[in-house]
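Student: Supplied in structure tokens, the structure appears directly below.
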Ligand code: 8YV
């Protein structure tokens with residue numbers, strides 16, 4: 001069996017695949033492969049470990065319908081046409097749970113960094129601007145006891161809510177399709193409408209999958225309903241906020257600050273004005289980027305491939321309905 005990986009993967013996952021006797025070929029260039037290169041490499045593979053922005057769409061599936069599995073090195077699957085993959089009877093694996101804590105840590109890091117303008121102060125020092133102490137300039141916002149509003153209270157949102165509740169005594173509200181009973185019981189979280197989430201949150205944190213329904217949901221109209229001292233955090237997908245509207249809301253003081261691990265588009269242009277705003281912290285999509293988590297993701301992604309090659313159900317499958325066919 002041949003497995004192709006679209007990026008150099010943590011060895012822990014590769015070792016598992018090689019121990020099964022599979023031949024693993026990794027994309028090794030320091031650039032993201034093109035869609036054409038993805039198709040070319042997948043034509044000669046039985047399974048792929050997919051990381052990055054390339055798409056699994058009908059054109060890809062038609063060219064590579066022999067694939068036994070598409071194993072994503074991510075929890076998010078917005079780059080995959082899941083219905084089409086199911087039609088082609090290809091199971092899609094992904095890596096939930098193992099990255100929840102690391103991603104929530106990134107959201108919390110962005111919250112603290114933004115509320116205290118940490119990145120701005122770091123840049124100021126680097127420019128030699130540390131002569132003067134002002135009791136009134138460049139102040140942050142205290143987040144103790146404030147209200148955290150979570151859009152998408154799944155596993156990552158739960159971990160973020162837990163951090164905010166236990167470390168800062170924050171009050172938790174959330175907007176989700178389903179009720180999160182664990183969060184309601186353990187964190188006293190309250191489910192609210194999207195409108196109430198916007199109106200009541202001091203911190204808005206996005207932890208939802210990018211779906212058509214959520215595309216650009218944080219837009220001009222949404223920011224107009226937020227508190228003026230609200231901080232917007234997004235570690236999910238950049239497509240959930242409208243970046244021009246966010247910028248305008250920050251410039252107008254409709255919203256106080258933003259912490260982004262995901263941008264729209266990615267990578268963010270180095271001249272993007274958001275990067276010069278003191279109340280904005282931007283990271284280059286490093287939500288899950290700690291060694292332990294990346295190893296665990298690679299192991300889970302490899303286990304999904306192994307399960308498929310052995311004719312078993314994937315450990316974590318995006319489209320379990322594929323097995324009904
Ligand atoms: C990954 C992510 O780091 O899991 C996701 O959906 O966005 C991140 O954990 C990224 O997708 C790399 O593959």
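Student: Tell me, 131, 78 in order of fewest to most beta-carbon neighbours within 10 Å?
Tutor: Ordered from fewest to most neighbouring Cβ atoms within 10 Å, 131, 78 come out as 131, 78.
Student: Ok, one more. Can you tell me, using C-alpha contacts under 8 Å and at least 6 residues apart, the relative contact order of region 100-282 as a whole percent?
Tutor: 23
Student: How far, in degrees from 0 to 90, does helix 100-115 lean away from the longest principal axis of the Cα atoms of the chain, to the nearest 10?
Tutor: 30
Student: Only counting other Cβ atoms within 10 Å, I'd like 205, 74 sorted with the fewest neighbours first. Let's see the in-between values first.
Tutor: On the way: 205 29, 74 19.
Ordered by Cβ neighbours within 10 Å, fewest first: 74, 205.
Student: Please compute the length gained on full extension between residue 211 and residue 185, using 0.36 nm multiplied by the number of residues separating them and subtracting their Cα-Cα distance.
Tutor: Extending this stretch completely gives an extra 6.6 nm.
Student: Within the P(r) computed for region 100-282, what percentage of the Cα pairs occupies the region above 29 Å?
Tutor: 17
Student: Separate question: Using 1/(1 + (r/R0)^6) with R0 = 22 angstrom and r between the beta carbons of residue 266 and residue 34, what's the FRET efficiency to the nearest 0.05?
Tutor: Efficiency for this residue pair is about 0.85.
Student: Something else: Just to verify a number: FRET efficiency for residue 25 and residue 321, C-beta to C-beta distance, R0 = 22 Å, to 0.05?
Tutor: 0.15
Student: Using r as the Cβ-Cβ distance of residue 53 and residue 118, and R0 as 25 Å, what FRET efficiency do you calculate, to the nearest 0.05?
Tutor: About 0.30, to the nearest 0.05.
Student: Using only Cα atoms, tell me the angle between helix 155-168 and the longest principal axis of the chain; keep it within 0 to 90° and round to the nearest 10.
Tutor: 30
Student: Next question. With angles folded into 0 to 90 degrees, how steeply does helix 291-309 sit against the dominant principal axis of the chain? Use alpha carbons for both and round to 10.
Tutor: 30
Student: Contact order normalised by length for the chain, with contacts defined as Cα pairs under 8 Å and 6 or more residues apart; what percent is it?
Tutor: 22
Student: If you don't mind, there's one more thing I want to ask. How long are the semi-axes of the ellipsoid equivalent to the chain, from square roots of 5 times the Cα gyration tensor eigenvalues, in whole Å, largest first? Please report the intermediate quantities before stating the final value.
Tutor: Values: eigenvalues 284, 97, 65 Å².
Sorted largest first and rounded, they come to 38, 22, 18 Å.
Student: Also: Along Cα→Cβ, 7 Å out, is where each label goes; now give me the distance between the ones at residue 133 and residue 291 in nm to one decimal.
Tutor: With each label point 7 Å from Cα toward Cβ, the separation is 3.9 nm.
Student: Neighbouring Cβ atoms within 10 Å as the yardstick, rank 121, 66, 241 fewest first.
Tutor: 66, 121, 241
Read-outs throughout are calculated quantities, based only on the coordinates presented, and are distinct from any laboratory measurement. The structure displayed is predicted, hence computed values, not measured ones. Note that we place each Cβ from the backbone using ideal geometry, even for glycine, and neighbour counts take in every protein chain shown.
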